[in-house]
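J.: Structure below; questions to follow.
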Protein chains: 2
Amino acid sequence: MSKVKAQISISLDGFIAGPNQSEEHPLGEGGMDLHEWVFKLSSWQQAHGRESGEGDENPSNAVIQEAQEGTGAVVMGRNMFAPVRGEWTEPAWNGWWGDEPPFHTPVFVLTHHEREPLEMEGGTTFYFVTEGVESAIVQAKEAAGDLDVSIGGGAATIQQAIAAGLLDELLLNQVPIVLGGGARLLENLGEPAPKLEIERVVAGPEATHLYYALN
Amino acid sequence: MSKVKAQISISLDGFIAGPNQSEEHPLGEGGMDLHEWVFKLSSWQQAHGRESGEGDENPSNAVIQEAQEGTGAVVMGRNMFAPVRGEWTEPAWNGWWGDEPPFHTPVFVLTHHEREPLEMEGGTTFYFVTEGVESAIVQAKEAAGDLDVSIGGGAATIQQAIAAGLLDELLLNQVPIVLGGGARLLENLGEPAPKLEIERVVAGPEATHLYYALN
C-alpha cells in the first residue's frame, strides 16, 4: 500500500540545518556538511542529470535509489520551494531547483498564496496548495497512485505531518557531525508523543540510515 | 591499545533523561523507557547476579557483553554514584548500587568531597577523585591496564571528557522514543566541535547501537 514517508539528513545532535541561516548560508553554518554524503552517489547524480558517482559499493546509494523509485509525489514547505521571502510569487520566480528539478513527479508546495501549477522539464510539476498539509497529502496521494508520497521538508512540514498522525515512515540519514545549533527536527511533534518502531537500519560509510515506522 | 569509551542510551530526540527529574523520577518522566531494552538481556542480567534473559538472538546482547568484558575501570559523575544531594558523604551511604554493584571493576567517582575508597562485593571498589575528570581518567587507565576505561556518565561527565579531547569512542544506544525534554547529551562539547567517524552500527530490535570514533 502507498505510504506517506519523509527522509531527511540530520546531525548527531539533532539539527537539520545549522545556526545563523542567511542568504550566504541557506542551510545555516555547517549545514551543507549534512549533505556531502549524498552528492557523491550515482543515484543522486542521475536524478540531477549527471552520469557518475558511487554505486552500490556504497550502501547509501541503494537507500537513495529506493526512495526515488518508490516516490510518486512530493509535498514540501514553501521555503523549500523558494527560500527568498517576498520574491517567489513573481511570475519569473520558479523556485531554486532550476529548469529540470530533481523530483520528476508532481510536487505539492504548501503556501498562503494561490498560484497556477508550474510545469517544469523532466516530469516535475509544482502545484500550490493553500489549504494546509493534510490537503496537500490527500492531493499527493491521489497523484502518486500506488507509489509513495514523500514529505520533502523542511522541518516544520515534517513536524506538522507527524503531529497530524499522517506520517507512516521516517527515514533519518544520521550524519556524524555536531552542528551545535540550528533547526531541530524532533520537536513540536504533538501530544502524546508519536510512537516509533525501528523498521530497518542501513549502515553507510558517512551516514547511518534509520528507518522508523510511526503508528 | 586501551581506549577511553562511553556508552549511553539516548532518545531519538537526543535526551539521556526525561524532563522533570525528581526523587520519584530520578531519570525524569519517561526516562526509564530509555533502558527497557537492556534489562531483558542476559548479559545485563548476569552482571546483576541473575541467570536469565535474551541471549544472542538479540544483537543488543553482544553489544553489552562486549562492553562489559572489555572494561577494566569505570569513571562516573557524583550523581551517578548517589543521586540524593547532601546525604551521600555520610558513612552509611554507599551509593545506590546495592552491596554488589554491577561494575565488578574499580570505579572512579568525581566529587568535591574527599573520602576513603569503598570496597564492595563482587570486585567493585569506588575511589573518590577530587581533581577532576582528567585525573580520574588517568587513574582509571592505570587501573584498567590493557582493558578499556568506560565513562559511565552522566551527561556532564561524558561532555567534559569529550571537550577535553579524552574520549576515543562513543557508543550511542539510540532508542526510538521521543522524550520532548530533559537532559541532552550532545551539547557543551567544546570548540571546535568534536570530529566523529562512524565506526560500526549494530541493529537491535529496540535500540540501534552506533559506535563513533572521536579524533
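Computed from the coordinates by the stated procedures, all read-outs in this text should not be read as laboratory data. Everything numeric in this text was worked out from a predicted model, so none of it was measured. Cβ placement follows ideal geometry from the backbone for every residue including glycine, while neighbour counts extend to all protein chains displayed.
J.: Within 10 Å of each Cβ of A:175-182, how many other protein chain Cβ atoms are there on average?
T.: Other-chain Cβ atoms within 10 Å of each residue's Cβ, averaged: 5.
J.: Could you give the size of the charge dipole of chain B about its Cα centre, using +1 on the Cβ of each K and R and -1 on the Cβ of each D and E, expressed in debye and rounded to the nearest 20? Before the final figure, lay out the partial values.
T.: On the way: 11 positive and 32 negative charges, 90 e Å.
For chain B, the charge dipole is close to 440 debye.
J.: Where the centre of each part is set by its Cα atoms, how far does region B:20-62 sit from region B:94-131, in angstrom?
T.: Each part reduced to its Cα centre gives a spacing of 21 Å.
J.: Share of antiparallel DSSP beta bridges in the protein assembly as shown, in percent to the nearest 5?
T.: On the way: 34 of 82 bridges.
Counting only bridges with both partners in the protein assembly as shown, antiparallel ones make up about 40 percent.
J.: Now for a different question. May I ask you to report, in nm to one decimal and beginning with the shortest, the distances from A:Gln46 to the same position in the other copies, taking label points 7 Å along Cα-to-Cβ?
T.: For A:Gln46, the inter-copy label distances come out at 4.7 nm.
J.: Assuming 0.36 nm per residue, please report the length gained on full extension of the stretch A:Met32 to A:Asp146 beyond their Cα-Cα distance.
T.: Values: separation 114, 0.36 × 114 = 41.04 nm, distance 3.32 nm.
Residue separation times 0.36 nm, minus the Cα-Cα distance, leaves 37.7 nm.
J.: Separate question: Mind sorting A:Lys141, A:Lys40, A:Lys195 by how few other Cβ atoms lie within 10 Å of their own Cβ, fewest first?
T.: A:Lys195, A:Lys40, A:Lys141
J.: Using a Gaussian network model on chain B with a 10 Å cutoff between Cα atoms, which of B:Glu24, B:Glu134, B:Glu114 fluctuates the most?
T.: B:Glu24
J.: If you stretched the chain out fully between A:Ser22 and A:Glu119, how much longer would it get, using 0.36 nm times the residue separation minus the C-alpha to C-alpha distance?
T.: That pair, A:Ser22 and A:Glu119, stretches by 32.1 nm at full extension.
J.: Now for a different question. Let me know the mean shielding of A:187-198 by other chains, meaning the per-residue number of their Cβ atoms within 10 Å of its Cβ.
T.: On the way: counts 5, 1, 3, 1, 1, 2, 8, 4, 3, 5, 3, 10.
Taking the mean over all residues of the peptide, I get 4.
J.: Still on this structure, I have one more. So who's got an amide H within less than 5 Å of the one on A:Glu199, skipping anything under 5 residues away but keeping other chains? H placed 1.01 Å off N, in plane.
T.: Here A:Tyr211, A:Tyr212, A:Ala213 satisfy the definition.
J.: How much mean residue ellipticity at 222 nm does chain B get from its helices, if each DSSP H run of length 4 or more adds -39500 (n - 2.57) and you divide by all residues, to the nearest 500 deg cm²/dmol?
T.: Result for chain B, helices only: -6000 deg cm²/dmol.
J.: A further question follows. More than 15 angstrom separation, counting every C-alpha pair in region B:95-160; what % is that?
T.: Numbers: 1129 of 2145 pairs.
Roughly 53 percent, rounded to a whole number.
J.: Now for a separate question. GNM, chain A, Cα, under 10 Å: largest mean-square fluctuation among A:Gln21, A:Gln159, A:Gln174?
T.: A:Gln21
J.: If the elastic network links every pair of Cα atoms under 10 Å, which of B:Val138, B:Val129, B:Val75 fluctuates the most in the Gaussian network model of chain B?
T.: Result for chain B, Cα springs under 10 Å: B:Val138 fluctuates most.
J.: Here's something else I'd like to know. Output the antiparallel fraction of DSSP beta bridges having both residues in chain B, as a percent to the nearest 5.
T.: On the way: 17 of 41 bridges.
Given both bridge residues lie in chain B, the antiparallel proportion sits at roughly 40 percent.
J.: Using a basic spin-label model with each label point 7 Å from the Cα along Cα→Cβ, how many nm lie between A:Arg200 and B:Glu51?
T.: So the label points at A:Arg200 and B:Glu51 sit 4.2 nm apart.
J.: So, one more: For the pair A:Glu187/B:Glu66, report the inter-label distance in nm, with labels modelled 7 Å from Cα in the Cβ direction.
T.: 3.4
J.: Considering all alpha-carbon pairs of chain A, what whole percent are spaced by more than 25 angstrom?
T.: 37
J.: Can you return the aspartates and glutamates within cross-link range of B:Lys40? Criterion is Cα-Cα under 13 Å, with same-chain partners fewer than 8 residues away left out.
T.: Excluding near neighbours in sequence, the set is B:Glu51, B:Glu54, B:Asp56, B:Glu57, B:Glu206.
J.: Right, another one. What per residue convex hull volume, in Å³, do the alpha-carbon atoms of the protein assembly as shown yield?
T.: Hull volume normalised by residue count: 156 Å³.
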